[in-house]
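S.K.: Mind looking over this structure? Questions follow.
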Amino acid sequence: MTAYLHAWLSLGVMWLHVIAGVAWIGASFYFIWLDNHLREPPEWKQALGIKGDLWAIHGGGFYEVAKYRLGPPQMPTELHWFKWEAYTTWLSGMALLTLVYYLGSTGYLIDPAKVVLAPWTAAAIGLGSIAAGLAIYETLLRSPLARHGALFGIVLYLVLVAFAWGLFQVFSGRGAFIHVGAIIGTIMVGNVFLGIMPAQRLLVRTVERGATPGPEVARRAAEAKLRSTHNNYLTLPIILIMISNHTPLLYSRPDGWLILAALGFITALARHYFNLRHRNINRPVYLIAPGLLTLALIGVLLPQVPSESGATGQGAAARDIASDAQIRQIVATRCLSCHSAHPGNPQFQAPPAGLAFDTLAELRLHRDAVLQATVQTHYMPLGNVTQMTEAERAALGEWLRQQTPK
Ligand code: HEC
């Protein structure tokens, strides 16, 4: 019953998290687009203090957008802030992290082949690294490094890669990926909470008083701009990291942290291309390079399939292929507690990933996915809770390669 409610709760929080994330990043993309498309307004608007003008048509109506140099002559009665999208995304994300990784199946986070951790120790390491990531970022931002845009980017990137490496040593690949994502998300929401909102509050207060903005307003505004630029570069990487949880081939290898580093680099570079293009600078190299790097990554990750048994002629016959009965036995002891129409493992209400291996026909049907998850990588059995041996993996692999998926 608890697992059943847990599944519904996770679903609800995940739904909220995705909606809030879409609203946050969508608004962020929209305002970047706005800023980059503002044109010089006619003189009568400039006289009102408007520095940028934009017209758009959407949903059957015309929109006129005006950006003020500082602020309107008097405060509007209603001013929209755009902060709850960010806060809701983070709060629901932390709730989801807790539900799925700290309270859910331990196999998502803990990999006994790396380090045997008690669930609460794993949660403490996870939360501790998120807090440490934020603290390091905030320290860097207050250092002289913050004045050197590109260098700051490189240092921040290396810090995140170091986290990826460290987390990969203690957590399952999937758990390490999600924690790097959580560190980035926390840095991003910290930028909103600790820098962008305070700067905006100060600006609003200054405009309300009708005062001319002093150096403090300018300093805060510059810091907010810097933080928002960092967030901008992090948007594409974080979305990829969050959805990568559905692509085990990325994280279920020992060098998964390197793959994560490559993906972060590729996606941030692609973001750079679009940032330049918004400013009417077209540098295709920043799009071609990520494209080529992605192709290289696809090549590097190509599974090393041992020569097909059939190809060696009589060698295949000489090698012992496990019998159907032996395979049925392996699957029954190592997989069926989860991957059954009625899983015995109380953490699962339905076969995980929709895969039930109650009959060999079902195993054949998903031949390639099983090879990938169990033989080429060690993603399955999840956290190897059922203690599958190397010999069993090899036997399953040999047998599967003899089958044709039907
Ligand atoms: C402790 C429970 C558990 C055991 C035991 C287990 N699995 Fe899984 N399996 C899961 C879960 C949970 C998922 C979904 C993972 C995800 O969402 O990334 C999954 C997903 C899969 C997938 C799909 C992976 C993909 O590409 O998305 C395959 C294939 C798979 N399991 C095969 C197996 C095989 C074969 C065994 C036995 C050798 C096995 N599993 C044992 C829990 C288990």
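The values are calculated or read from the model by the stated rules, or taken from the named source; none is laboratory data. Since the structure is predicted, the reported quantities are computational estimates derived from the model, not experimental observations. Cβ sites come from the backbone with ideal geometry, for glycine too, and all protein chains shown count toward neighbours. Keep in mind that these areas ignore ligands, DNA and RNA; they rest on the heavy atoms of the full protein, side chains included. Shrake-Rupley method; radii C 1.70, N 1.55, O 1.52, S 1.80 Å.
S.K.: Looking only at the stretch 376-399, count how many residues are among the hydrophobic types (A, V, I, L, M, F, W, C) and near the ligand (Cβ under 9 Å from one of its atoms).
M.R.: Of the residues in the stretch 376-399, 5 are among the hydrophobic types (A, V, I, L, M, F, W, C) and near the ligand (Cβ under 9 Å from one of its atoms).
S.K.: Give the residues of the stretch 103-144 that are touching a residue at least 60 places away in the same chain (Cβ under 8 Å), out of contact with any Leu (no Cβ under 6 Å at 6 or more places or on another chain) and outside any helix (DSSP H, G or I), sorted by residue number.
M.R.: Passing the criteria: 103, 104, 105, 109, 111, 112, 113.
S.K.: How many residues are over 14 Å from residue 174 (Cβ atoms) and open to solvent by less than 40 Å² (accessible area, probe 1.4 Å) when one looks only at the stretch 106-117?
M.R.: Result for the stretch 106-117: 1.
S.K.: Quick check: is even one residue across the stretch 255-264 charged (D, E, K, R) and in a helix (DSSP H, G or I)?
M.R.: Checked the stretch 255-264: no residue is charged (D, E, K, R) and in a helix (DSSP H, G or I).
S.K.: Another one. Taking the options 79, 103, name whichever one is open to solvent by 90 Å² or more (accessible area, probe 1.4 Å) and under 34 Å from the mean Cα position of the chain (by Cα).
M.R.: Going through 79, 103 in turn, the sole match is 103.
S.K.: Which one is most open to solvent (accessible area, probe 1.4 Å), of the residues in the stretch 242-293 that are charged (D, E, K, R) and under 23 Å from residue 38 (Cα atoms)?
M.R.: Across the stretch 242-293, the extreme among qualifying residues is 279.
S.K.: Of everything in the stretch 353-375, what is within 8 Å of the ligand (Cβ to nearest atom) and buried (at least 19 other Cβ atoms within 10 Å of the Cβ)? Give them in sequence order.
M.R.: 357, 363, 366, 370, 373, 374, listed by residue number.
Residues are listed down the side, and each one gets a yes or a no for (1) closer than 29 Å to residue 227 by Cβ; (2) part of a strand (DSSP E or B); (3) outside the structural domain of residue 187 (by TED's automatic domain parsing); (4) hydrophobic (A, V, I, L, M, F, W, C):
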site: 29; (1), (2), (3), (4): yes, no, no, yes
site: 35; (1), (2), (3), (4): yes, no, no, no
site: 52; (1), (2), (3), (4): yes, yes, yes, no
site: 56; (1), (2), (3), (4): yes, yes, yes, yes
site: 63; (1), (2), (3), (4): yes, yes, yes, no
site: 93; (1), (2), (3), (4): yes, no, no, no
site: 96; (1), (2), (3), (4): yes, no, no, yes
site: 101; (1), (2), (3), (4): yes, no, no, no
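S.K.: Scan the stretch 62-71 and give yes if some residue there is modelled with pLDDT of 95 or more and over 27 Å from residue 203 (Cα atoms), otherwise no.
M.R.: Yes: one or more hits.
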